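Notes follow once the structure below has been shown.
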Amino acid sequence: MRVYVPLTLSGLAESYKTGELGDGSLIAYAVTPALREWYLSDDIEELEYAALGRAALASLRQLAADAGAPRRRVVVALDVADGRAVADPDRALDDAALGEVRVSGVLRLAKAAAVHVDASDAEADITAAASALAAADEGDDDAQFVVDGAEDHELLWFATQEIPGLVGLGG
């Protein structure tokens, strides 16, 4: 199963140093039954793109909580055995949890298929979206418009060999 792990550039740098994502259990996003029902498509590429989008929103939430992190969303894509990624059935109807899975065990960054990161020209919109997120969650339509604007920026695809350059460690 392909999972999408939301991070920040700071989190990616830390994962690069340790070689691991998370500490044995983490939240990621994947094509779950609830996501399939919500997205109304049988095309696996479209569904995986939707899961990537959910992870990008979770990355934005991490940015909102970490004022010191560079204002670029980061998502790491990797494949795990189906039994390692489990959706919480109690949250199946919660829109905020669409595609959310808990992945057990340590994930090795070396096993990642790709890294998706905002281009540097997205930083102003991502900064605004991270700042507006709390108000959007409270129902402010103007703030939601700003948050939705982050989705106008496609995450760029990077090979795992490019991670040192992304996090400023040379390479």
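The values are calculated or read from the model by the stated rules, or taken from the named source; none is laboratory data. This structure is a prediction, so every number in the text was calculated from the model and none was measured. Here Cβ is always computed from backbone atoms with ideal geometry, including for glycine, and neighbour counts include all displayed protein chains. Side chains are part of the model used for accessible areas, which takes the heavy atoms of the whole protein and leaves out ligands, DNA and RNA. Shrake-Rupley method; radii C 1.70, N 1.55, O 1.52, S 1.80 Å.
The table below lists the values:
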item	result
Principal axis dimensions, largest first and in whole angstrom, of the stretch 36-118 by Cα	37, 28, 25
Tail fraction, Cα-Cα pairs, the chain, threshold 19 Å, whole percent	55
Choice from Leu109, Leu156, Leu35 showing the highest fluctuation, given a GNM over the chain with Cα pairs closer than 10 Å	Leu156
Placed amide H near Thr32: partners under 5 Å, 5+ positions off or other chain	Gly99
Helix-only mean residue ellipticity at 222 nm for the chain, each DSSP H run of n ≥ 4 adding -39500 (n - 2.57), per residue, nearest 500	-12000 deg cm²/dmol
Carbon + sulfur, % of accessible area of the chain - ligands and nucleic acids excluded, 1.4 Å	51
For the stretch 1-44, Kirkwood radius (reciprocal of mean inverse C-alpha pair distance, Å)	12.4
Accessible area (Å², per residue) of the chain, counting only protein heavy atoms and a probe of 1.4 Å	52
The stretch 81-149: radius of gyration and largest Cα-Cα distance (Dmax), Å	16.3, 41
Residues with amide H under 5 Å from that of Val74, placed H, sequence gap 5 or more	Leu7
Length-normalised contact order of the stretch 120-171 in % [C-alpha pairs under 8 Å, at least 6 apart]	28
Inter-label distance for Met1 and Arg36, nm, one decimal - labels placed 7 Å from Cα along Cα-to-Cβ	1.2
Debye, to nearest 20: dipole size of the stretch 1-147, +1 on Lys, Arg Cβ, -1 on Asp, Glu Cβ	760
Distance (nanometres) between label positions extended 7 Å along Cα→Cβ at Leu156 and Arg102	3.6
Neighbour cut-off at most 16 other Cβ (10 Å), DSSP loop, GluC sites (Glu not before Pro), the stretch 74-153	Glu138, Glu151
Per-residue ³J(HN,Hα) for the stretch 141-151, Karplus 6.51 cos²θ - 1.76 cosθ + 1.60, θ = phi - 60°, Hz, x for Gly and Pro	5, 5, 5, 4, 4, 5, 4, 4, x, 5, 5
Isotropic mean projected area of the C-alpha convex hull, the stretch 111-171 (nm²)	5.2
Other-chain or far-sequence residues with amide H under 5 Å of Leu156's (modelled H)	Val117, Asp118, Ala119
The stretch 77-83 - phi-based ³J(HN,Hα) in whole Hz, Karplus 6.51/-1.76/1.60, Gly and Pro as x	9, 8, 9, 10, 4, 3, x
